[in-house]
Amino acid sequence: MWGKRVRLPAAPELTDGPDLVLRQPLPGDVDDIVAQCRDPEFQRWTTVPVPYHRSDAEDFLTRVAEGWRGSVARFAIVYERRFAGTVDLRFDGIGGAEVGFGLAPWARGKGVMTRALRLVLGWGFGLPGIEVMYWRAQVGNWASRRVAERCGFRMEGTVRGLLEQRGERRDGWIGSLRRGEPLSGAVEEPAQGI
């Protein structure tokens, strides 16, 4: 079973084709990390610092290295040979992990995140003792929800005040995926007017 501070296996490189590689984030990714984290849409739905500085990206890379020695497995998404975002698993120590992901604006709308998340879910469920994955996002983040649903997450509901973003509580959606369930699913479209 994965505890809070256990040693993860060495960071693997994952791929499903020549245009998509998942690997550990590297110092050479800093400029692309800064560009992604300065995107207003990315900032709207995440907890990245605003304004976002180069030193924030450098600190992020330090935390990534520490994460692989702790309870977070974070992958850089490299699409068409360029850093395009990240996807991670945050292990809870009792057989589960929460997924988190974000993608640069230039790579959106191409199915990249769905492919990347499926790769990481397959890897994560291949680890001993991992039985369930969770996904959470702010209510209204339909792009994230569509990716989660396409990867098989079942939407469990809306929780008031579930998430914290820059000192404020936000309502959140939560979904789950159990070991053995298909990594594909139907997408619920937002109601008109949302």
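The values are calculated or read from the model by the stated rules, or taken from the named source; none is laboratory data. What you are looking at is a predicted structure, and each value in this text was computed from that prediction instead of being measured. Reconstructed Cβ throughout: ideal geometry from the backbone, glycine too, with neighbour counts over all protein chains shown. These area figures cover heavy atoms from the full protein model, side chains too; ligands, DNA and RNA do not enter into them. Shrake-Rupley method; radii C 1.70, N 1.55, O 1.52, S 1.80 Å.
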Q) Whats the longest run of the chain with zero trypsin sites (Lys or Arg not before Pro) that are DSSP loop and have at most 12 other Cβ atoms within 10 Å? A) 82-165
**Q.** Rounded Å value of the spacing that divides the Cα centres of the stretch 112-183 and the stretch 10-39
**A.** 20 Å
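Just the number, please: carbon plus sulfur as a percent of the accessible area of the stretch 91-194, 1.4 Å probe, no ligands or DNA/RNA counted.
50 percent
Roll a 1.4 Å probe over the protein chains and send me the accessible area per residue for the stretch 75-194 in Å².
Details: 5650 Å² over 120 residues.
That works out to 47 Å² for each residue.
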Q. With the Cα gyration tensor of the stretch 94-167 giving a ≥ b ≥ c as the square roots of its eigenvalues, does the rule (a/c under 1.5 for rounded; else a/b larger than b/c for prolate; else oblate) give rounded, prolate or oblate?
A. oblate
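Could you compute the net charge surrounding residue 58? Neighbours are other residues with a C-beta less than 12 Å from the C-beta of residue 58; K and R count +1, D and E count -1.
On the way: positive: 54, 63; negative: 29, 31, 56, 59.
Computed value for this residue: -2.
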Q | Stretch gain in nm, segment residue 31-residue 146, where the contour uses 0.36 nm per residue and the Cα spacing is subtracted | A | 38.6 nm
Q | Largest-first ordering by accessible area, 1.4 Å probe, given options 87, 139 | A | 139, 87
**Q.** Label point distance in nm, residue 58-residue 165, each placed 7 Å from Cα along Cα→Cβ
**A.** 2.9 nm
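Sequence gap at least 6, Cα distance under 8 Å: using those rules, report the relative contact order of the stretch 1-149 to the nearest whole percent. Write down the numbers at each step before the final one.
On the way: 243 pairs, mean separation 39.9, N = 149.
Computed value for the stretch 1-149: 27 percent relative contact order.
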Q: With runs of 4+ DSSP H residues as the only contributors, calculate the mean residue ellipticity of the chain at 222 nm using -39,500 (n - 2.57) per run, divided by the residue total and rounded to the nearest 500.
A: -8000 deg cm²/dmol
